[in-house]
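In what follows, a single structure is set out as structure tokens and then discussed.
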Amino acid sequence: MFKTISEKILSEHAQRDLKAGDIAVVNVDVIFAQDGTGPLTVTQMKKMGFEKVANSKKSIFFIDHAAPSPRKELSDAHKLLREFTQSSGAILSDINQGICHQIIAEKYACPGNIVIGADSHTCTAGALGAFATGMGSTDIAVGFALAKTWMLVPHTIKVNFNGVLNKGVFAKDLIIYLIGIIGADGATYRALEFSGEVSANLEMDDRFTISNMAVEAGAKVGLFCADEKTRKYLESQGRSECFKDIFPDNSAYYEQVIEVNCSEIEPMVCLPHTVDNTISVSKIDKIKVDQVLIGTCTNGRISDLRIAANILQGNEISKSVRLLIVPASRDVYLKAIEEGLIEIFVKAGATIINPGCGPCVGVHQGVLSDGEICLSTQNRNFKGRMGNPNAFIYLSSPATAAASAIKGYITDPREVLY
Amino acid sequence: MKFNNSNSNSKENFNKDNVIFNFNKNTGTENNGTEYTVTEDISTVETFSLNKNGDASILKGRVFKFGDDISTDLIAPGRYFHLRSNLPELAKHVLEDADPDFANKVKTGDFIAAGRNFGLGSSREHAPTIIKIAGIRAVLAQSFARIFFRNAINIGLVALICDTSKIDNLDILEIDLKQGHINNLTKNIQIQFNPLPDVMIKILNDGGLVNHITKYKGFNL
Ligand code: SF4
């Protein structure tokens, strides 16, 4: 039987041959929850009578969504998680570490793994060739307790990114463009497999951006092959031992194949309030922005910060804009300091926020006022997302975001990139 | 089919069922320990019996109609993040950003009917849970986002995929879970719904995933 990446990984973890449409109980390698979903996960574990996690090396609770805690109720939730990790044997990733998905990529997920997390963007680790998918607290509670879950083997849509990337066009633009074509439910219950010459040439940071947003098309996973780039990335993280090749079989069956000619793609934005409401930046009128956010699990990695710094260096942001920059993890933050990026940002007028989710989910650190407009590098622009249903969120790449912070309105990065 | 405890998810009963977890690591110093209110939602999970020999069970109620792409941010807004450990309180804001008055209007036994991609967005299980706490017995939609759908079944909220185009706000519906159809009594038409996968029927029958795992000490799917 010829298999897709999903069929291969799930078969191996069920110890029998599976094809799309089958349902099986599978072993899972990495399990995690965060401070928004973790407390309910703990409750559910206790209800089932489980005190310990089954795999203490790869069961992690992250405190990243409201870190540091902005209010007492959340401090209580954090305290619960800190205490539960001690008693259950799970690992604690506290407020100084950063966003769960970034740390899962840096430290835990390996090619060929099954990764489940109580957060919808768990699919980020698909960039490493891991079958990584988000679930709710109860599923994750069972995952912690048994290191198992049940899976429906998804049908796969193959996406061939071919052609060349134009100046000013980045991984974020590719995935926004794709979601614009297939819609916010275009891949519901499906796996996306990213292929083609552009995918093969993308660095890991860019692959993470694309896999991260697979769920915005409804996908269960967003998978890349694990290849030489993957091996190099793992090596740079001191984890070369966990590398293995992951490729689909040549004759694997795909439900659909989508060809994307990247040469036609321009810098993109998502307009409020859905991610599939997409348009090229060059086609919109001047839209004034009040706040710009560069960061999150989508675009808070070192290569994103380098691109932003390249644009911001020697410039000052518009007086009418607040620019928030949030490194995705402690490691990203340290690299940004070493490379002098933080100094560039501060001199340009940016506000640096500690590694974590920052203002992305509307809890703290940059909640918008009524009628305000934010251009963000995050993955979602739903009404109310940044804490106020009367605000407007646009999504873009870090380059577009940095250019817009300088100009004060949503700006095509080609205007400032030389 | 059987529907036990048909009133068990009323708001009043729900509040009585809250439990206080003391997670003070057996130190016995309860006064110094942190009290953390955790909502006991399992008590509201109805027991389903979707096998063919069960008694017929029909849900009847009025419907609230919503459009496409009702996100988990609309259902359980992020600005109430701090209420996630107090689900009855969070439920007072259910769907607030889609219909500010919804929590006041909704009564136990009502339904939601929506368009495409209901529940897209975050994995927060709090979203289906507060819909259930608010009294909604079933959510009907053209399609559901994957994680929401799985969460709904895990916590015992009926989620059915069907054509909702012929359902309007405040129509009265009768859902026949055994026969697999919905009677729109207001419009006098019948609508079929897609059967759930066997695995999900099993989990619903056992009263949600927590009960399933507790009963079998693991998966038995
Ligand atoms: S950065 Fe935003 S999207 Fe990513 S995990 Fe945090 S809250 Fe979710």
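The values are calculated or read from the model by the stated rules, or taken from the named source; none is laboratory data. Everything numeric here is computed off the predicted structure, so don't read it as measured data. Note that each Cβ is placed from the backbone with ideal geometry, even for glycine, and that neighbours are counted across all protein chains shown. Surface accessibility is based on the protein's heavy atoms, side chains included, excluding ligands, DNA and RNA. Shrake-Rupley method; radii C 1.70, N 1.55, O 1.52, S 1.80 Å.
Diffusion coefficient of the stretch A:266-310 by Stokes-Einstein, Kirkwood radius over Cα pairs, 37 °C, 0.692 mPa s: 266 µm²/s. Near A:Lys283, once Lys and Arg are set to +1 and Asp and Glu to -1 for all other residues with Cβ below 11 Å from its Cβ, the sum equals -3. Under a Cβ-Cβ cut-off of 12 Å, what is the net charge of the residues other than A:Phe2 that fall near it, where Lys and Arg count +1 and Asp and Glu count -1? Every neighbour counted, the sum reads 0. Which values of log₁₀ I(q)/I(0), to two decimal places, follow from the Debye formula for chain A at q = 0.06, 0.09, 0.12, 0.14 Å⁻¹ with a uniform point scatterer at every Cα? Taken in order of the listed q values, log10 I(q)/I(0) reads -0.22, -0.51, -0.92, -1.26.
Checking the table A:Lys3/A:Lys172; A:Lys283/A:Lys407; A:Lys158/A:Lys232; A:Lys47/A:Lys148 against a 22 Å threshold on Cα-Cα, which pairs fail? Beyond 22 Å: A:Lys3/A:Lys172; A:Lys158/A:Lys232. For the stretch A:1-144, averaging the sequence separation of C-alpha pairs within contact (under 8 Å, six or more residues apart) and dividing by the residue count gives a relative contact order of 29 percent. Take the Cα of A:Lys288, go 7 Å toward its beta carbon, and the backbone nitrogen atoms of the stretch A:388-404 under 17 Å from that spot belong to A:391-394, A:404. Amide H contacts of A:Gly222 (H built 1.01 Å from N, in plane; Pro and chain starts excluded): A:Gly126, A:Ala132, A:Leu192 sit under 5 Å, all sequence-distant by 5 or more or on other chains.
Residues in the stretch A:270-412 average 33 Å² of solvent-accessible surface per residue, probe 1.4 Å, ligands and nucleic acids excluded. Note on chain A: with a GNM built from Cα contacts shorter than 10 Å, the maximum mean-square fluctuation among A:Glu266, A:Glu235, A:Glu203 falls on A:Glu235.
Sequence-ordered 3J(HN,Hα) estimates for the stretch A:375-383 from the Karplus curve with 6.51, -1.76 and 1.60 and θ = phi - 60° stand at 9, 10, 8, 6, 9, 9, 10, 4, 3 Hz, glycine and proline given as x. Summing both sides, the accessible surface hidden between B and A at a 1.4 Å probe radius is close to 4700 Å². Cross-link partners for A:Lys52 among the aspartates and glutamates, with Cα-Cα distance under 18 Å and sequence neighbours closer than 8 places in the same chain left out: A:Asp29, A:Glu83, A:Asp139.
Restricting the calculation to Cα atoms, every distinct pair contributes to the Kirkwood radius of the stretch A:281-418, found to be 14.4 Å.
Rounded to the nearest whole Hz, the Karplus-based 3J(HN,Hα) values (6.51 cos²θ - 1.76 cosθ + 1.60, θ = phi - 60°) of the stretch A:350-363 follow the sequence 7, 9, 8, 10, 4, x, x, 6, x, x, 3, 9, x, 8, with x at glycine and proline. Springs between Cα atoms under 10 Å define the GNM used for chain A, and in it the highest mean-square fluctuation of A:Ile176, A:Ile294, A:Ile406 occurs at A:Ile406.
Listed by chain and number, the aspartates and glutamates placed with their C-alpha closer than 14 angstrom to that of A:Lys79 are A:Asp35, A:Asp64, A:Asp94, B:Glu35; residues fewer than eight positions away on the same chain are left out. Take each residue in A:85-96, count the other chain C-beta atoms within 10 Å of its C-beta, and the mean is 0.
Using the Karplus relation 6.51 cos²θ - 1.76 cosθ + 1.60 with θ = phi - 60°, the per-residue 3J(HN,Hα) values for the stretch A:227-232 come to 10, 4, 4, 5, 4, 4 Hz, with x marking Gly and Pro. Full extension of the chain segment joining A:Ser251 with A:Tyr189 gains 20.1 nm, where the gain is 0.36 nm per residue of separation less the Cα-Cα distance. Here is how the number arises for the protein assembly as shown: DSSP H runs of 4 or more residues each give -39500 (n - 2.57), the sum is divided by the residue count, and the result at 222 nm is -7500 deg cm²/dmol. Each Lys and Arg adds +1 at its Cβ and each Asp and Glu adds -1 at its Cβ; summed about the Cα centre, the stretch B:50-216 shows a dipole of about 320 debye. Short to long, the 10 Å bins of the Cα pair-distance histogram for the stretch A:14-152 hold 13, 46, 32, 8, 1 percent of all pairs. Seen from every direction in turn and averaged, the convex hull around the alpha carbons of the stretch B:50-216 projects onto 9.4 nm². Taking all Cα pairs closer than 8 Å and separated by 6 or more residues, the relative contact order of chain A comes to 17 percent.
Around the amide H of A:Asn277, modelled in the peptide plane, lie the amide H atoms of A:Leu271, all under 5 Å away and 5 or more residues distant in sequence or on another chain.
For chain A, carbon and sulfur atoms together expose 48% of the accessible surface, with a 1.4 angstrom probe and every protein chain in place. For A:Ile182, neighbours were defined as the other residues whose beta-carbon sits under 12 Å from its Cβ, and their charges (Lys and Arg +1, Asp and Glu -1) total -2.
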